[in-house]
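What follows is a set of notes on a single structure, which appears directly below.
The values are calculated or read from the model by the stated rules, or taken from the named source; none is laboratory data. What you see is a predicted model, and the numbers here were worked out from it, not measured in a lab. FYI the Cβ positions are ideal-geometry reconstructions off the backbone, even for glycines, and counts take in every protein chain you see. Areas reflect the complete protein model, heavy atoms only, side chains present, ligands, DNA and RNA absent. Shrake-Rupley method; radii C 1.70, N 1.55, O 1.52, S 1.80 Å.
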Amino acid sequence: MTITIGQVIDRLLEQAPVNEPTVDSVRVGSPQTEVTGIVVVFLATQAVIEQAAALGANLIISHEGTFYRHQEDMKGGQDDPVINEKRELLDRTGIAIYRYHDHIHHYKTDGIMIGLINALGWAPYVEEHLPAATIVHIPHMTLERTGQYLKEQLQIPFVRVVGETEMPCTRIGLLAGYRGGGAWHSHC
């Protein structure tokens, strides 16, 4: 069975219809292209594109913008050597990129938040999903230990904490990303 990029996108959009302009769109490639493999990432970096090509995938679904701008209108970007090199790599590999930002934030429970909660192992501790944040009630940890835990679970090299490092953390408000539409907002 063959499936096109457009058919994959249609399935994604069915999950959370949005009745306002969004930044979600095919950034590179054609919806009519047959899919050979899909890579799903938070950000389509050059390394990700190279890995996708090595795997034989021709569709990258990326949460964040491909060319370093939220709206990606590309005004002034034509002379940027970094952008041009990335475009050339995409042309050489034939990889399409679909930006999937606003719709996933409109899932009944924000899809990015669910991913973060699962990565942290905090699903059993969810107290409440609010429009802009999720409240979790975790087992007691100090602020310093919470920072270390975040680094370990998310496999990131740095976490900055502010406050008394021995302060107990049990009830936490998680804010992951921006849950807005395609109109320009000051979060960028």
Peptides 20-31, 164-175 ordered by average Cβ neighbours within 10 Å, highest first:
20-31, 164-175
When the accessible area of the chain is computed with all protein chains present and a 1.4 Å probe, what percentage of it is carbon and sulfur?
55
Tensor-based shape of the chain (alpha-carbon gyration tensor, a/c under 1.5 rounded, otherwise prolate or oblate)
prolate
Of the trypsin sites (Lys or Arg not before Pro) in the stretch 49-156, which ones lie in a loop per DSSP and count no more than 14 other C-beta atoms within 10 Å?
Lys75, Lys108
Alpha-carbon centroid distance for the pair the stretch 1-57 / the stretch 102-141, whole angstrom
24
Just to make sure I understand: if all protein chains stay in place, what is the order of His105, His129 by accessible area at 1.4 Å, largest first?
His129, His105
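Taking only DSSP H segments of four or more residues, each worth -39500 (n - 2.57), what value at 222 nm results for the chain once the sum is divided by all its residues, to the nearest 500 deg cm²/dmol? Intermediate values should be presented prior to the final figure.
On the way: 6 runs with 60 residues, N = 188.
Rounded to the nearest 500, the figure is -9500 deg cm²/dmol.
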Considering only the stretch 1-112, what is the antiparallel percent among its DSSP beta bridges, to the nearest 5?
35
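How many Å² of accessible area per residue for the chain, probe 1.4 Å?
Accessible area per residue: 59 Å².
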Dipole magnitude (debye, nearest 20) for the chain, charges at Cβ of Lys, Arg, Asp, Glu:
120
In the chain the DSSP beta bridges are antiparallel at a rate, in percent to nearest 5, of 60
Residue range of the chain that is longest and free of chymotrypsin sites (Phe, Trp or Tyr not before Pro) which are both DSSP loop and sparsely packed (at most 14 other C-beta within 10 Å)
108-157
Compute the angle between helix 5-15 and the longest alpha-carbon principal axis of the chain, please, reported from 0 to 90 degrees and rounded to the nearest 10.
30
